[in-house]
Amino acid sequence: MVRSLVVFCISIAVVGVASAEPSATPSQIISHIPRQPVQSSAIAKIGYSKRRHILEIEFVNGAVYRYLDVPVVVYRGLMSAESKARFYDSNIRGHYRSVVAKGAGIHEIN
């Protein structure tokens, strides 16, 4: 009888934990980096966190990418480039670990 009661209590505890609402995972990050509009055919806005070395690029199609461990010199180069899209293609895309925005959060893509 006691064994049946213990099994029943454990079953209830497992069901309670399994049905609990999931918490945000580390890969679901809400951005608080302000982005400013730029003149570009492909890029709508750019933001940078000097403290965390994070570059965020919002493209004209609405996609937002976050690039990690980007030196401030690269951000400054992007902001001063005559062609931001060309600078992005040559110096950022494929050079830094990135995450892409999905819904309310940002999720790792590579």
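Scanning segment 70-110 for residues that are touching a Lys or Arg at 6+ places or on another chain (Cβ under 7 Å), modelled with pLDDT of 95 or more and over 20 Å from residue 42 (Cα atoms) yields one hit, 72. Counting only residues that are open to solvent by less than 30 Å² (accessible area, probe 1.4 Å) and either acidic (Asp, Glu) or closer than 16 Å to residue 80 by Cα (or both), segment 32-43 holds 2 of them.
Of these, 77, 94, 47, which one is of a type in the set (Gly, Ala, Ser) and assigned to a loop (DSSP other than H, G, I, E, B)? Working first, answer last.
Numbers: 77 fails: assigned to a loop (DSSP other than H, G, I, E, B); 47 fails: assigned to a loop (DSSP other than H, G, I, E, B).
Answer to the check: 94.
Of everything listed in (1) of a type outside the set (Asp, Glu); (2) open to solvent by less than 20 Å² (accessible area, probe 1.4 Å); (3) within 14 Å of residue 99 (Cα to Cα), the single unmet condition for residue 63 is (2). For segment 66-94, filtering for residues that are under 15 Å from residue 36 (Cβ atoms), of a type in the set (Gly, Ala, Ser) and open to solvent by 50 Å² or more (accessible area, probe 1.4 Å) leaves 1.
The values are calculated or read from the model by the stated rules, or taken from the named source; none is laboratory data. Please read these numbers as outputs of a predicted model, since none were measured by experiment. Methodologically, a virtual Cβ is constructed for each residue, glycine included, from the backbone with ideal geometry; neighbour enumeration extends over all protein chains shown. The protein model used for the area step is the full one, side chains on, heavy atoms only, and it has no ligands, DNA or RNA in it. Shrake-Rupley method; radii C 1.70, N 1.55, O 1.52, S 1.80 Å.
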